[in-house]
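Novice: Here it is, the structure in full.
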Amino acid sequence: MNAIFQSLQDQIRSAHALQLPLRIGGGGSKHFWVRPQGSQVLDMRLYTGVVDYQPSELVLTVRAGTSLSDIEHLLDQQGQMLGFEPPHFGPDATIGGTLACGLSGPRRASVGSARDFVLGVRILDGLGRDLSFGGRVIKNVAGFDVSRLMVGAWGTLGALMEVSLKVLPKPPFETTLEWAMTELEALESMNQWAGQPLPLSATSYQNGRLRVRLSGAEVAVRAAMCHLGGEVIPEGPAWWLQVREQRAAGFSAQRPLWRLSVRSNAPPLGFSGAVLTEWGGSLRWIASDHAPAQLQRAAQEAGGHALLFRGGDPFRPLGHPLDPVLMNINKNIKQVFDPNNILNQGLGV
């Protein structure tokens with residue numbers, strides 16, 4: 001692997017010297033959303049494998065080109081999992097691309113986001129420098145938390161080479177409950193339950209049906225079932241997989257798909273084309289032809305932001321406009337890590 005690492009480093013150094021755009025390539029499973037520009041490809045698919053795995057310590061270090069499927073299979077053999085339940089969106093998804101996009105799945109509201117599970121990273125920045133941040137232990141407080149800055153940066157600050165992740169034990173027991181409710185009733189219920197000591201691990205609302213997943217010790221889950229009521233649905237595992245991979249009804253609509261992150265207690269936003277609500281009400285998927293400014297304004301008034309997830313231009317993804325202060329911070333950070341702006345052009349500031 002040292003030869004592959006050296007080859008990738010040499011390619012970045014050459015691109016920096018010649019000021020040639022370089023696009024970081026993995027499995028391509030997120031190209032519907034983000035696709036960098038650049039005449040040359042920094043192909044991460046050969047930089048794969050486990051660097052270190054300590055099941056008893058709940059820590060895994062892998063190279064960025066390693067597939068999500070391989071990682072999940074390895075963890076499953078030890079009764080463990082990636083806590084943030086990342087979506088794949090294709091069979092070739094890699095851990096590097098997943099973290100670069102900052103994607104989390106249905107379990108995010110109960111255990112944290114992808115960023116929360118990153119302990120450390122090793123990157124090659126836009127100058128080809130080999131940089132490491134964080135570490136391989138859970139209790140690590142040394143220095144600035146630059147490792148988490150790389151999560152959701154779309155590769156614009158550096159190519160992720162290795163990542164150390166906190167993993168979780170798989171819950172011993174899970175079940176899914178369902179109720180027929182209006183959207184307002186569902187939002188009120190989810191927010192009410194979020195303040196109670198319940199083993200909630202996922203929520204979804206779609207087409208008048210609220211579904212809740214309970215995970216944990218069997219005695220705790222069964223006690224919660226008695227407290228909440230609802231109907232147990234046997235297709236629970238299949239449903240959460242559909243939600244995670246956006247295979248549920250409505251996600252395949254021809255209209256642009258918007259991702260609105262808002263306050264969990266924000267009332268229904270009133271847009272037609274609502275596809276699904278997750279994360280206790282704080283994530284709302286809407287398939288809509290409304291003007292971007294209208295959706296972004298509605299999200300801002302609800303305490304959050306909106307971005308176009310499907311149906312836009314992946315070479316220039318449409319996110320929520322940054323205020324001048326944040327924009328200036330982003331530009332300064334970009335200048336430090338990639339002064340010639342060669343990495344994943346079109347995706348950053």
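Novice: Could you compute the FRET efficiency for Gln335 and Val41, with r as their C-beta to C-beta distance and R0 at 30 Å, rounded to 0.05?
Specialist: Values: r = 24 Å, r/R0 = 0.81.
Taking R0 as 30 Å, the efficiency between Gln335 and Val41 is 0.80.
Novice: Using +1 at the Cβ of each Lys and Arg and -1 at the Cβ of each Asp and Glu in the range 58-143, identify which of Thr94, Val111, Gly135 lies farthest towards the dipole's positive end.
Specialist: The residue sitting most towards the positive pole is Gly135.
Novice: Let me ask something additional. Give me the angle, in degrees from 0 to 90, between the Cα long axis of helix 2-18 and the longest principal axis of the Cα atoms of the chain, rounded to the nearest 10.
Specialist: So the inclination is approximately 70 degrees.
Novice: Next question. What's the ranking of 292-299, 258-265 by average number of surrounding C-beta atoms within 10 Å, highest first? List each step's numbers first, then the result.
Specialist: Working: 292-299: 17.6, 258-265: 19.9.
For the peptides 292-299, 258-265, the packing ranking is 258-265, 292-299.
Novice: About its Cα centre, how strong a charge dipole does the chain have in debye, to the nearest 20, once Lys and Arg get +1 and Asp and Glu get -1 at the Cβ? Walk me through the numbers on the way to the answer.
Specialist: Working: 31 positive and 29 negative charges, 119 e Å.
I would put it at about 580 debye.
Novice: When a/c reaches 1.5 or more, the comparison of a/b and b/c decides; with that in mind, is the chain rounded, prolate or oblate per its Cα gyration tensor? Intermediate results must be reported in sequence, preceding the final value.
Specialist: Values: a/c = 2.07, a/b = 1.38, b/c = 1.50.
Since a/c reaches 1.5 but b/c is at least a/b, the shape of the chain is classed as oblate.
Novice: Once the Cβ-Cβ distance between Gln77 and Ala238 is put in as r, and R0 is 30 Å, what FRET efficiency do you end up with, to the nearest 0.05? Don't skip to the end; give the middle numbers.
Specialist: Working: r = 22 Å, r/R0 = 0.74.
E between Gln77 and Ala238, to the nearest 0.05, is 0.85.
Novice: In whole Hz and in residue order, list the ³J(HN,Hα) couplings for the range 147-160 that follow from phi through the Karplus curve 6.51 cos²θ - 1.76 cosθ + 1.60, θ = phi - 60°; x for Gly and Pro.
Specialist: Taking θ as phi minus 60°, the curve returns 4, 6, 5, 6, 7, x, 8, 6, x, 7, 9, x, 8, 5 Hz for the range 147-160.
Novice: How high is the FRET efficiency from Leu326 to Glu231, r the C-beta distance, R0 41 Å, rounded to 0.05?
Specialist: 0.35
Novice: Run the numbers on the chain and let me know its relative contact order in percent, using alpha-carbon pairs under 8 Å that are six or more apart.
Specialist: On the way: 740 pairs, mean separation 68.6, N = 349.
Dividing the mean separation by the residue count of the chain yields 20 percent.
Novice: Under a point-charge model restricted to the Cβ atoms of Lys and Arg (+1) and Asp and Glu (-1), what is the dipole moment magnitude of the range 173-310 relative to its Cα centre, in debye to the nearest 20?
Specialist: In debye, rounded to 20, the range 173-310 gives about 380.
Novice: Taking the 0 to 90 degree range and rounding to the nearest ten, how far is the long axis of helix 324-337 tilted relative to the main principal axis of the chain, both from C-alpha atoms?
Specialist: So the helix axis and the longest Cα principal axis differ by about 50 degrees.
Novice: Now, a different point. Helix-derived [θ] at 222 nm for the chain: sum -39500 (n - 2.57) over DSSP H runs of at least 4, divide by residue count, nearest 500? Provide the component values of the computation, followed by the final result.
Specialist: On the way: 10 runs with 98 residues, N = 349.
After summing the helix terms and dividing by residue count, I get -8000 deg cm²/dmol.
Novice: Moving on to the next point. Dipole of the chain (Lys/Arg Cβ +1, Asp/Glu Cβ -1, origin at the Cα centre): which of Gly152, Trp193, Gly348 lies farthest to the positive side?
Specialist: Of the listed residues, the answer is Gly348.
Novice: Still on this structure, I have one more. Going by how many other beta carbons lie within 10 Å of each one, how would you line up Thr203, Thr182, fewest first?
Specialist: Details: Thr203 26, Thr182 12.
Going from sparsest to densest Cβ surroundings: Thr182, Thr203.
Novice: OK, next. Which shape class applies to the range 173-310: rounded if a/c is under 1.5, otherwise prolate when a/b exceeds b/c and oblate if not, where a ≥ b ≥ c are the square roots of the Cα gyration tensor eigenvalues?
Specialist: Values: a/c = 2.39, a/b = 1.71, b/c = 1.40.
Prolate is the answer for the range 173-310, as a/c is 1.5 or above and a/b outweighs b/c.
Novice: Counting only residues 5 or more places away or on other chains, whose amide H sits under 5 Å from the amide H of Arg209 once H atoms are built in the peptide plane?
Specialist: Here the answer is Met181, since their amide H atoms fall under 5 Å of that of Arg209.
Novice: Taking the alpha-carbon distance from Lys170 and a cut-off under 15 Å, which aspartates and glutamates remain once sequence neighbours fewer than 8 residues away in the same chain are dropped?
Specialist: Glu57, Glu72, Asp76, Glu85, Glu218
Novice: If I take every Cα pair under 8 Å that is 6 or more residues apart in the range 173-310, average their sequence separation and divide by the length, what percent do I get for the relative contact order? Walk me through the numbers before you get to the answer.
Specialist: Details: 245 pairs, mean separation 35.6, N = 138.
It comes to 26 percent, rounded to a whole number.
Values quoted throughout were computed directly from the atomic coordinates according to the rules given, and no laboratory measurement underlies them. Everything quoted here is computed from the prediction, not taken from an experiment. Cβ sites come from the backbone with ideal geometry, for glycine too, and all protein chains shown count toward neighbours.
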